[in-house]
Amino acid sequence: LTAMSATLMGKQYDPLAATFPGAAVIRAFAVKDSDGTVTPLTTHTYFIGKAYTEWGVDMVSVSVNADEFIGKEGIYNTLRTDADGGHSHIPAYVEFFSPEGQSVHAGWSEIAMNGRGSLSMTQKSFRILLKSTVMDTEEVHENLNTLNYDLFKEYASTTPDGERVAWYRHILLRNGGGDMSGSTISRSHIGDAYIQRLDRILIPDVMAYAPVMTFINGEFWGVYNFRERYSPEYVESHYGVSKDNVTVIESDYSQVHTNTNADFVVSSGIEGDQDPFNQMVQYMREHNLADQQHYDYIASQMDIDSFIDMWVVRLFYVARDWPENNIKIWRNKNPDDPSGFDTKWHFTLLDLDMGLSYYDFTTEHENFFWAFDSNSVCGTMMRALMKNEGFKQKFILRYFDVVSNHFTPEYLNAMFDELYAERDPLMALHEGRWKENSNERGVFSV
């Protein structure tokens, strides 16, 4: 696969002769001589050597058909021209291993690429979608549609009752997004993970993070970021709302650079699920929210507190590529859902890679408050809400409280030191795998 990827990606990624950590993937079946009966295919990954447990992080092994993954029509091929942009699914056998090397889950799954602009990078992000029925596979055993594993430990998201979320159906293997910086490894890879971990004490949903050593068909594919994925399954595991009653919508990526005030589109759900949100935004354009009855109506439709906190985070960290882009919102669309959860629109934090001095300026000197005047749906909503004096005071007080009492230097430094210490020992391996062609390429052997 490494050689195939070099052929597809061109000279900017030309892996040198080096020995990377690898796994032995055994795929076997038996045939009965007398009648040709064939047993189901069995797949197992074996890691041989003490280095694998010395890393102290989870590992994942993905076994795929090479052509489906990185062939001419493979999902990993940047040169694909299909309208879906590489988001089509292929079957894969996925095995999760604990830091001690114990298998904690193994079974057929579906994988698909993840992201938009980041699909042009050499190390690409992809989704692992655990399902009861997987395309083009034979019998799928019970419970393989769920990863029952405490993947994120003390940094796992919690339910409204304070219980740690420890089961997952959709998992991202994320490359770092914008913080990967194109085809190079020149940035930290943890910018979004760091900021979202800091924000887990606030109201909007966040995507938990853990580093993971990743192998595809036994070949080392680098250090990835295990992340949660905003989906109906996410809402079900976090809030108890049936996934069939959840819709997730997002800003329209196809319009980001042409019409930033375009209506939102469906991310997960059915066409038309976005209409109530777009109609709410239109109401905000047409009515003066200084009138309390109009403001109260909007407050009955959306989670005002999560909207405010999303703004606080973006402004404080100067997290660009927003407010016209990178917005996902979800709601329970069935007021009779057994969970009893409300039907308001709830805001999430997404892709904060470009925060914390991503560009060539110092964050403390950058004024990102121009976002209030941006020609975007999010900017339109904020300007409408700020006409209401009660909302204005609520926003000011919340911003002051968060930056004064939560985002303290002590908290930010302690969290960074912890994240850095966990990741740093792995980066030499990652650099050796994904760095642009250079005589300084790392070499690793077991």
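Working note: Karplus 6.51/-1.76/1.60 with θ = phi - 60° gives segment 118-134 the couplings 6, 5, 7, 6, 6, 8, 9, 7, 8, 9, 10, 10, 7, 9, 6, 10, 10 Hz, where Gly and Pro are set to x. Projecting label points 7 angstrom from Cα along Cα→Cβ for Val38 and Leu315 puts them 6.2 nm apart. Between Asn375 and Ser339, the simple spin-label model (points 7 angstrom out along Cα→Cβ) gives 3.8 nm. Shape summary of segment 251-347, radius of gyration then Dmax from alpha carbon positions: 14.4, 42 Å. Convex hull volume per residue, computed on the Cα atoms of the chain, equals 166 Å³.
Within the chain, no whole DSSP H helix has Cα atoms reaching 30 Å or more along its own axis together with a mean Kyte-Doolittle score of at least -0.5. Each of the peptides 228-236, 333-341, 347-355 was scored by the mean count of other Cβ atoms within 10 Å over its residues; in descending order, highest first, they stand as 347-355, 228-236, 333-341.
Carbon and sulfur together cover what percent of the accessible area of the chain at a 1.4 Å probe radius? Carbon and sulfur: 49 percent of the exposed surface of the chain.
The Cα atoms of segment 269-400 define a convex hull whose projected area, averaged across directions, is 9.1 nm². Only alpha carbons enter this Debye calculation for segment 157-281, each as an equal point scatterer, and the log10 of I(q)/I(0) it gives at q = 0.14 Å⁻¹ is -0.81. Using the rule -39500 (n - 2.57) for each DSSP H run of four or more residues, divided by the residues of the chain, the 222 nm mean residue ellipticity is -7500 deg cm²/dmol. Using a cut-off of 29 Å between Cα atoms, the listed pairs Lys32/Lys72; Lys50/Lys153; Lys153/Lys333 include Lys32/Lys72; Lys153/Lys333 as exceeding that distance.
The values are calculated or read from the model by the stated rules, or taken from the named source; none is laboratory data. Quantities reported herein were computed from a predicted structural model and do not represent experimental measurements. Using ideal geometry, Cβ is built from the backbone for each residue, glycine included, and neighbour counts are taken over all protein chains shown. Surface areas here come from the heavy atoms of the whole protein model, side chains and all, with no ligands, DNA or RNA. Shrake-Rupley method; radii C 1.70, N 1.55, O 1.52, S 1.80 Å.
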